[in-house]
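Notes follow the structure.
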Amino acid sequence: MRQGWSTEKKSRIISDEEKENTAYHEVGHALLSKLLKHCDPLHKVSIIPRGMALGITMTLPEKDHLTLSKVQLLDRLTMTLGGRVAEELVYGKEAITTGASNDLEKVTSLARKMVTVYGMSEKMGYMAYGKSEEHVFMGRDFGHSRDFSEEIAADIDKEVKKIVDGCYTNAQKLLAENKDMLEYISKKLLEEETLDEKEFSVLMDKVKEDRV
């Protein structure tokens, strides 16, 4: 799942199995972007390779965000985990792929910032943890160094895991409740290769009608 839209690489040879897995993965992201209240609106979802990615889900904010609320960040984490959750839901835990590695890096980084930078963990309190390594002449931040104990570091890790686990559980619940939608739209994405927001919404509505 990415928010950019790089050059298509239709010449890349992808097996049918990988293509199907990619469709479920990307629809997992896209479906959560529609089901969660505080995600940026879906723009497009595609399984045409771009760069190193086999597929892409693109969301676009309706307006520029100068700040983000905790609920917005939690929904963003949940959506980002949607690809891995979809794989697990369809193929089982033993058949998950490496395709979610970039997603997991993003999730871990954002959840850690929520705890150590944004003061969004009740247990850790309203404090920032870690000294910013900023070069005074270049005006650039090169990262953070630890200025706290091993005990605090362990508590931070637990809080980060708690946030990520909570978002993963939420993604599992939503996608399990809408597995019929996940299956139907993924099959359509395999046929069309790219769906825009309007097309995606029409497919969601079709599944809702069939449930009645």
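The values are calculated or read from the model by the stated rules, or taken from the named source; none is laboratory data. What you see is a predicted model; the values in this text were computed from it and never measured. All Cβ positions, glycine included, derive from the backbone under ideal geometry; neighbour counts span all protein chains shown.
If you check every pair at least six apart or on different chains, which have Cβ atoms under 7 Å apart with a residue in segment 6-26 that is at pLDDT below 90 first and a residue that is not in a loop (DSSP other than H, G, I, E, B) second?
Correct list of pairs: SER6/ARG50; THR7/ARG50; GLU8/ARG50; LYS9/ARG50.
Give the number of residues within segment 97-107 that are of a type in the set (Val, Ile, Thr) and under 12 Å from LEU73 (Cα atoms).
Quick first cut of segment 97-107, residues of a type in the set (Val, Ile, Thr) only: 97-98, 107.
Keeping just the survivors that are under 12 Å from LEU73 (Cα atoms) gives 107.
Summing the residues that are of a type in the set (Val, Ile, Thr) and under 12 Å from LEU73 (Cα atoms) in segment 97-107 gives 1.
Kindly list, by first and then second residue, each pair from a residue in segment 189-205 that is outside any helix (DSSP H, G or I) to a residue that is hydroxyl-bearing (Ser, Thr, Tyr) and modelled with pLDDT of 95 or more, limited to pairs with Cβ atoms under 7 Å and residues at least 6 apart or on different chains.
Once the first residue is outside any helix (DSSP H, G or I) and sits in segment 189-205, its partners that are hydroxyl-bearing (Ser, Thr, Tyr) and modelled with pLDDT of 95 or more give GLU193/SER46; THR194/SER46.
Criterion first (closer than 25 Å to LYS158 by Cα, more than 14 Å from the chain's Cα centre (by Cα) and of a type in the set (D, E, K, R)) does GLU62 satisfy it? Break it down stepwise before answering.
Values: closer than 25 Å to LYS158 by Cα: no; more than 14 Å from the chain's Cα centre (by Cα): yes; of a type in the set (D, E, K, R): yes.
Judged against the criteria, GLU62 is not a match.
Tell me, which residue of segment 112-140 that is part of a strand (DSSP E or B) and either within 25 Å of the chain's Cα centre (by Cα) or not charged (D, E, K, R) (or both) is modelled with the highest pLDDT? Before you say what the answer is, go through the steps one by one.
As a first pass, look at segment 112-140 and keep what is part of a strand (DSSP E or B): 131-135, 140.
Checking the rest, the ones that are also either within 25 Å of the chain's Cα centre (by Cα) or not charged (D, E, K, R) (or both) come to 132, 135.
Details: SER132: 56, HIS135: 44.
So, considering only residues that are part of a strand (DSSP E or B) and either within 25 Å of the chain's Cα centre (by Cα) or not charged (D, E, K, R) (or both), the one modelled with the highest pLDDT is SER132.
Pick out the one residue from SER145, SER201 that is hydroxyl-bearing (Ser, Thr, Tyr) and modelled with pLDDT of 95 or more. Working first, answer last.
Working: SER145 fails: modelled with pLDDT of 95 or more.
Exactly one of SER145, SER201 is hydroxyl-bearing (Ser, Thr, Tyr) and modelled with pLDDT of 95 or more, namely SER201.
Identify the residue in segment 188-207 that is out of contact with any helix residue (DSSP H, G or I) (no Cβ under 8 Å at 6 or more places or on another chain) and not polar (S, T, N, Q) and, among all such residues, is surrounded by the most Cβ atoms within 10 Å (Cβ to Cβ). Even if it seems obvious, please write down each step before you answer.
Going residue by residue through segment 188-207, those that are out of contact with any helix residue (DSSP H, G or I) (no Cβ under 8 Å at 6 or more places or on another chain) are 191, 193-194, 196-198, 202, 205.
Applying the additional criterion that residues be not polar (S, T, N, Q) yields 191, 193, 196-198, 202, 205.
Numbers: GLU191: 8, GLU193: 15, ASP196: 14, GLU197: 18, LYS198: 9, VAL202: 11, ASP205: 10.
For segment 188-207, the residue satisfying everything is GLU197.
Return the residues of segment 163-178 that are assigned to a helix (DSSP H, G or I) and either hydroxyl-bearing (Ser, Thr, Tyr) or surrounded by 14 or more Cβ atoms within 10 Å (Cβ to Cβ) (or both); say none if nothing qualifies. Talk me through it step by step, then tell me what you get.
Here is the first cut: in segment 163-178, the residues assigned to a helix (DSSP H, G or I) are 163-177.
If the condition is that a residue be assigned to a helix (DSSP H, G or I) and either hydroxyl-bearing (Ser, Thr, Tyr) or surrounded by 14 or more Cβ atoms within 10 Å (Cβ to Cβ) (or both), then ILE163, VAL164, GLY166, CYS167, TYR168, THR169, ASN170, ALA171, GLN172, LEU174, LEU175 are the ones that fit.
So which of ILE185, ILE163 is hydrophobic (A, V, I, L, M, F, W, C), at pLDDT 95 or above and under 21 Å from LEU104 (Cβ atoms)?
On the way: ILE185 fails: under 21 Å from LEU104 (Cβ atoms).
After ruling out the rest, the residue left standing is ILE163.
Collect the residues in segment 27-42 that are over 17 Å from VAL71 (Cα atoms) and among the hydrophobic types (A, V, I, L, M, F, W, C), keeping them in residue-number order.
Once the filter is applied, which keeps residues that are over 17 Å from VAL71 (Cα atoms) and among the hydrophobic types (A, V, I, L, M, F, W, C), segment 27-42 yields VAL27, ALA30, LEU31, LEU42.
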